[in-house]
Amino acid sequence: MSRLLLMLSLLAVAGCVTVQPGPTGFYWSNYSQTLYDYKKSPNATTLVKHKTNLEKIISYCDSHPQAKVPPGIYAELGKIYLDEGKQDLAVRYFNLEATTYPESAVLIKTLLEQTES
Amino acid sequence: MMSNIYKSTVVRLRIVRIGLVALLSVWVSGCATGPSGPQYLSKQEAFGTVYSERPKSILVVPAVNQSTAADAGNYYSATIAKPLTEQGYYVLPITITDQILNQAGISDGAQLLSVPAKRLGELFGADAVLYVTINLWDTNYFVLGGNVTVKLEYRMVSTTTNENLWRYKDQVVVDTSGSGNNGLLGAIIETAINTSTQDYLPVAHQVNSRSIYTMPYGLYHPQHGQDGIVRVVNPGNLVTVDVE
């Protein structure tokens, strides 16, 4: 019975994973899922899964020229690095967000100030 | 006595027949006018200020959750960025903006209703703020089926004028019954899984996508500025009056 439940839930999860980019070319992988899991129960395991997913989105886009890193992904990863105490990586990803999306300028300025202090 | 029963049966049958004809005509007319029918408004007619103001970036703030589902806000915020960016907008990273608001003591959207959008725009550098009220998130569970009814009301406000740029409400009912291929017991188990422990992310994503779809395309969409004539706005879903 529990095995059946597990199989069914695995199927349900697999059904949710959509990877096809729309006309904008943004590649989201299963961002909503790992983000929701982290929001639902914030702990080291769910955070690592979400972080790995963000890194995966970026590496996928780096190797697929038609895929674009969606708004906010670089910044979100940078913030996780900052919380881990990896300031250099944080600054690098905050700057990537700012150069990719100039609309982020004000927020990135705030984040860089936080990083320096 | 007999004739009375006969008469009432005839009357009843007639009522049923009239009802069937009415139903059929509704069904047929429903088919004749598709989603591009004349009753739908164009994006330009419904949301003209978006075309003149051309907002590029959106700050998504925490939901005002009036439903009985404590988790509804999380479902909303985990699934809203994707459809907004697909529509062509720069969405400020919600996890970060939520954290910053949290540090200021704000974790519920209701706390923000008294803050002018303009002020939020200055703090975060956003052209528009997206508010949402979750009116309903109801799960119904039957023996052999189930569904989720979700009702949301969105409001995108300009941070330069504090005016509404786009307002929309929608209600969807999503069937969470199993596929029914596993016999009676299988169907019962499947329904139980789908309705009680199911992850509602696909439901939330569907609800958000359906409404955001009516928003004029933003800068990052290849058809930015060219979709004004597209008739996808259901006038019944427009919000024109504030309900206090």
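Peptide B:72-84 has a mean of 4 when you count, residue by residue, the C-beta atoms of other protein chains within 10 Å of its C-beta. Shielding by partners for peptide B:201-209, expressed as the average number of C-beta atoms from other protein chains within 10 Å of each residue's C-beta, is 2.
Which pairs, out of A:79/B:151; A:49/B:169; B:56/B:118, put more than 24 Å between their alpha-carbon atoms? Display every interim value, and only then the final one.
Values: A:79/B:151 33 Å; A:49/B:169 34 Å; B:56/B:118 15 Å.
Distance filter (> 24 Å) returns A:79/B:151; A:49/B:169.
Grab the other residues whose beta carbon is less than 14 angstrom from that of residue B:94, score K and R as +1, D and E as -1, and report the net.
On the way: positive: A:39, A:79, B:82; negative: A:76, A:97, B:98.
Around residue B:94, the surrounding residues sum to 0.
Peptides B:126-137, B:159-170 ranked from most to least packed give B:126-137, B:159-170, packing being the mean of other C-beta atoms within 10 angstrom over each peptide's residues.
With 0.36 nm allotted per residue and the present C-alpha distance subtracted, the residue B:229-residue B:107 stretch has 40.1 nm of extension available.
Rule-based calculations on the coordinates, nothing more; no lab input. Being a predicted model, the structure only gives us computed values, none of them experimental. No Cβ is skipped: glycine too gets one built from the backbone with ideal geometry, and neighbour counts run over all protein chains shown.
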